[in-house]
1. Within the range 112-204, which helices (runs of 4 or more DSSP H) (wholly inside it) include 2 or more residues that are under 23 Å from residue 9 (Cα atoms)?
2. Out of (1) part of a strand (DSSP E or B); (2) surrounded by fewer than 23 Cβ atoms within 10 Å (Cβ to Cβ), the odd one out for residue 68 is which?
3. Residue check, residue 47 against (1) hydroxyl-bearing (Ser, Thr, Tyr); (2) buried (at least 19 other Cβ atoms within 10 Å of the Cβ); (3) at positive phi, all met but one. Which one?
4. Hey, among 92, 70, 28, which residue is under 30 Å from residue 236 (Cα atoms) and touching a residue at least 24 places away in the same chain (Cβ under 8 Å)?
5. Checking the condition surrounded by 15 or more Cβ atoms within 10 Å (Cβ to Cβ), within 20 Å of the chain's Cα centre (by Cα) and closer than 14 Å to residue 162 by Cβ, which residue from 130, 134 passes?
6. Of all residues being more than 19 Å from residue 174 (Cβ to Cβ) and of a type outside the set (D, E, K, R) in the range 114-127, which is surrounded by the fewest Cβ atoms within 10 Å (Cβ to Cβ)? Just the residue, please.
7. Restricted to the range 268-290, and to residues that are within 22 Å of the chain's Cα centre (by Cα) and not in a loop (DSSP other than H, G, I, E, B), which residue is nearest to residue 9 (Cα to Cα)?
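Readers should treat all values here as calculations from the given coordinates under stated rules, not as data from a laboratory. Please read all numbers here as calculations on a predicted model, not as lab measurements. With ideal geometry, Cβ positions are generated from the backbone for all residues, glycine too; neighbour counts draw on all protein chains shown.
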Amino acid sequence: MIKLEGVLTAIITPMQANLDIHDEDLKKFVDFQIEQGVQGIVPCGTTGESATMSHAEHKHVIDIVVNQAKGRVPVVAGSGSNSTKEAIDLTKHAESAGADAALLITPYYNKPTQRGLIYHFEKIAEAVSLPLVLYNVPGRTGVNMLPETTIKLSKIKNIVAVKEASGSISQIQQIIAGTRDNPDFCVLSGDDSLTYSIVMLGGTGVISVASNIAPGLMGEFGQKIIDKDTLGARELHFKLLKLFKVIFIETNPIPSKAAARLMNLGGIYNWYLRPPLIDPTPEHLEEIKKVLKSLQLL
């Protein structure tokens, strides 16, 4: 089983002005992230705008990222859905594509019960041998996976981690406390700003939005987490705190793509958003610029 630790980038997806995915820029961005020092890549998550991808596009992106990463860092393929059948299909594809693990969001909109969540993830785990990462983000999905549910699911052999974006330190520490007898199970932060606190409680890293924009600094942060350099990690946490805040000044990934375009990030300009997401307001764009300049990223 894979151990996920440090900083794994939930990558934004390069899109052209006509809103098609730009394959060559996607390859270029994977290389850029790895060369800058992040510890993993997560395509087709919320940050990658998976909600507006067709299934064919989704699978195509996973294929590209896995092939381009070439085993240099783990690739955790977003493959969740609010349909169990669709999630199984996408996860089987991620496995056949050679992904190292799959990231499975709790089903959104249909608001399953906790028993329904357990059934959903059990069925996916039965269908593949790929390591699976649960993803709890109630602010997006409308359902909160409770600690006891996560703890129960952690006992399934190929469920190896949870990305926790509930925003509740109390909930996260309950999960860590309840899985301490399972050293193979990892708790990953789903909020950049809470990563340091979660790591101090026993978490192993973060699936990050900020590392899109500052992969060098975030890769260093991730390495300090792995090395258990708590003082060094704390210094970087506070250095990056304004970035952690500003990248959520509007709905993710609006600020990140705006920053990427301002920076010509990775030598790429194709950072367009698919509707219904649109560019940030002029006032918010100025705040993004200010933070980027303070970190000498612009």
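1. Because the criterion is at least 2 residues that are under 23 Å from residue 9 (Cα atoms), the helices (runs of 4 or more DSSP H) in the range 112-204 that meet it are 138-141, 169-178, 195-201.
2. The one condition residue 68 does not meet is (1).
3. Only one criterion in (1) hydroxyl-bearing (Ser, Thr, Tyr); (2) buried (at least 19 other Cβ atoms within 10 Å of the Cβ); (3) at positive phi is unmet by residue 47, namely (3).
4. Working: 92 fails: under 30 Å from residue 236 (Cα atoms); 70 fails: touching a residue at least 24 places away in the same chain (Cβ under 8 Å).
Sole residue among the options that is under 30 Å from residue 236 (Cα atoms) and touching a residue at least 24 places away in the same chain (Cβ under 8 Å): 28.
5. Details: 130 fails: closer than 14 Å to residue 162 by Cβ.
Unique residue meeting the criteria: 134.
6. 119
7. This residue is 271.
The rows are residues; the columns are (1) touching a residue at least 40 places away in the same chain (Cβ under 8 Å); (2) in contact with a strand residue (DSSP E or B) (Cβ under 9 Å, 6 or more places away or on another chain).
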site: 190; (1), (2): yes, yes
site: 201; (1), (2): no, yes
site: 238; (1), (2): no, no
site: 248; (1), (2): no, no
site: 279; (1), (2): no, no
